[in-house]
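Written below as structure tokens is the structure these notes are about.
Every number in this text was worked out from the coordinates using simple rules, so none of it is lab data. Only a predicted model underlies this, so the values are computations on that prediction, with no experimental measurement involved. Glycine also receives a Cβ, built like all others from the backbone with ideal geometry; neighbour counts cover every protein chain displayed.
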Amino acid sequence: MTLLPLQRGYYVASDTPCRKASNATLLLLRRHGIGGARDFCEFKNIQQIGPETYRVEEVCADFQGSDPERRTLQYQIKSNTRFVISDQNGIVLDARYCAQTDLPPDWRNTDIRSEIE
């Protein structure tokens, strides 16, 4: 499967300073998916459709146990550390990479190596 050309690790909404990240604004980009405090989305198919644009089919499950949801999104890769996700209704998320050392203490010392390698 094609991989998104992004640095794996923590991402926050672009309008949030890394040091002010919270469960509501923080995502962990893994090799085969992306997730936050409430859900995890596994990438099922990634297709490059333009120089910076990828069509991503993913299956998302929330941690409350509801049925998984399949969706197709477009990821516009602005750089290897910033992306914009959109669906048919427009922009869903504009996010940028944050080094773990720049995050609040709750995430700074979490060992994520097995999640991102």
Worksheet item: Pulled fully out, how much extra length does the chain show between LYS20 and LYS78, if you take 0.36 nm times their separation in residues and subtract their Cα-Cα distance?
Response: 18.6 nm
Practice prompt. Just need the relative contact order of the stretch 9-112 here, percent rounded to a whole number, with Cα pairs under 8 Å and 6+ apart.
Written response: 25
Worksheet item: Ranked highest first by the average count of other Cβ atoms within 10 Å around their residues, in what order do 67-78, 3-14 fall?
Response: 3-14, 67-78
Response to the item:
Fewest-first ordering of SER114, SER66 by Cβ atoms within 10 Å yields SER114, SER66
Item to complete: Might you report the magnitude of the Cβ-based charge dipole of the chain about its Cα centre, with Lys and Arg at +1 and Asp and Glu at -1, to the nearest 20 debye?
Response: 340
Practice prompt. Please work out how much length the chain gains when fully extended from GLU117 to GLN100, using 0.36 nm per residue of separation minus the C-alpha to C-alpha distance, in nm with one decimal.
Written response: 4.6 nm
Discussion item. Let me check I've understood the local charge: for ASP94, count other residues with C-beta under 15 angstrom from its C-beta, Lys and Arg +1, Asp and Glu -1. What total comes out?
Written reply: 0
Discussion item. Helix-only mean residue ellipticity at 222 nm, the chain, DSSP H runs n ≥ 4 weighted -39,500 (n - 2.57), per residue, nearest 500. What is it?
Written reply: -1000 deg cm²/dmol
Worksheet item: What nm distance separates the two modelled labels at ARG38 and GLN88, each placed 7 Å from Cα along Cα→Cβ?
Response: 2.2
Worksheet item: By what distance, in whole Å, do the Cα atoms of the chain stretch along each of the three principal axes, largest value first?
Response: 37, 35, 28
Discussion item. So if I take the centroid of the Cα atoms in the stretch 1-28 and the same for the stretch 62-107, what is the distance between those two points in Å?
Written reply: 6
Worksheet item: Binned at 10 Å from 0, what are the whole-percent values of the Cα-Cα distance distribution for the stretch 1-44, short to long?
Response: 29, 51, 19, 1
Fill in: Fully extended contour minus Cα-Cα distance, from ARG71 to MET1, at 0.36 nm per residue
23.5 nm
